[in-house]
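Student: If you scroll down you'll find the structure; I have some questions about it.
The values are calculated or read from the model by the stated rules, or taken from the named source; none is laboratory data. Note that the structure is predicted; figures quoted are calculated from it, not measured. We place every Cβ from the backbone using ideal geometry, glycine too, and count neighbours over all the protein chains shown.
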Amino acid sequence: MTQYLLSVAMTDGAPPRPPGEMQAAYEQVDRFNSELQSTGSWVFAGGLMPASSATVVRADGDEILVTDGPFTESKEHIGGFWVIEAPDLDAALAWASKATRACMQPVEVRPFQENPET
């Protein structure tokens, strides 16, 4: 089985959702997570703090540079993610369809690179 990253797109500066809608999303995501776990497709998932809390670490020759803020200068950032196992892209897209309904945000699907045989 291939592992896929289902990443949730969030937009900086978007108006906050009403409390009732947020609570509904939390409950829907909990149910979605339970379904993933019960089928054996669950690997790992998590929500992320806002992009403004990010710290970027990069090598510059022999030096390591540490800077505040997200790496990309964009209004859209990853707000959370799931790592799942699925037999193929169609199955991963079916899970993403459920994920986007549950969290009420766009979900991007990307396969992980396969490890080369040693």
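Student: Go over the candidates Glu73, Glu85 one by one and state the one that is of a type in the set (Asp, Glu) and either in contact with a Leu (Cβ under 6 Å, 6 or more places away or on another chain) or not in a loop (DSSP other than H, G, I, E, B) (or both).
Tutor: When all the criteria are applied, what remains is Glu85.
Student: Among the residues in the stretch 20-27, are any touching a strand residue (DSSP E or B) at 6+ places or on another chain (Cβ under 8 Å), of a type in the set (A, V, I, L, M, F, W, C) and within 30 Å of Ala86 (Cα to Cα)?
Tutor: Among the residues of the stretch 20-27, not one is touching a strand residue (DSSP E or B) at 6+ places or on another chain (Cβ under 8 Å), of a type in the set (A, V, I, L, M, F, W, C) and within 30 Å of Ala86 (Cα to Cα), which makes the answer no.
Student: I'd like to check something: does the stretch 7-20 contain any residue that is modelled with pLDDT of 95 or more, surrounded by 12 or more Cβ atoms within 10 Å (Cβ to Cβ), of a type in the set (Ser, Thr, Tyr) and more than 15 Å from the chain's Cα centre (by Cα)?
Tutor: no
Student: Let me ask something else. Identify, please: which residue in the stretch 49-72 is out of contact with any helix residue (DSSP H, G or I) (no Cβ under 9 Å at 6 or more places or on another chain) and hydroxyl-bearing (Ser, Thr, Tyr) and is, among those, farthest from Asp12 (Cα to Cα)?
Tutor: For the stretch 49-72, the residue satisfying everything is Thr67.
Student: Just checking, does the stretch 58-81 include any residue being farther than 26 Å from Ala24 by Cα, surrounded by fewer than 16 Cβ atoms within 10 Å (Cβ to Cβ) and among the basic types (Lys, Arg)?
Tutor: yes
Student: Just to be sure I understand, how many residues within the stretch 52-80 are under 25 Å from Ala99 (Cα atoms) and over 13 Å from the mean Cα position of the chain (by Cα)?
Tutor: Result for the stretch 52-80: 7.
Student: What are the residue pairs meeting all of these: first residue in the stretch 99-118, first residue at pLDDT 95 or above and crowded, with 17+ Cβ neighbours inside 10 Å, second residue outside any strand (DSSP E or B) and of a type in the set (S, T, N, Q), Cβ atoms under 7 Å, and 6 or more apart or on different chains?
Tutor: Ala102/Gln28; Val107/Thr100
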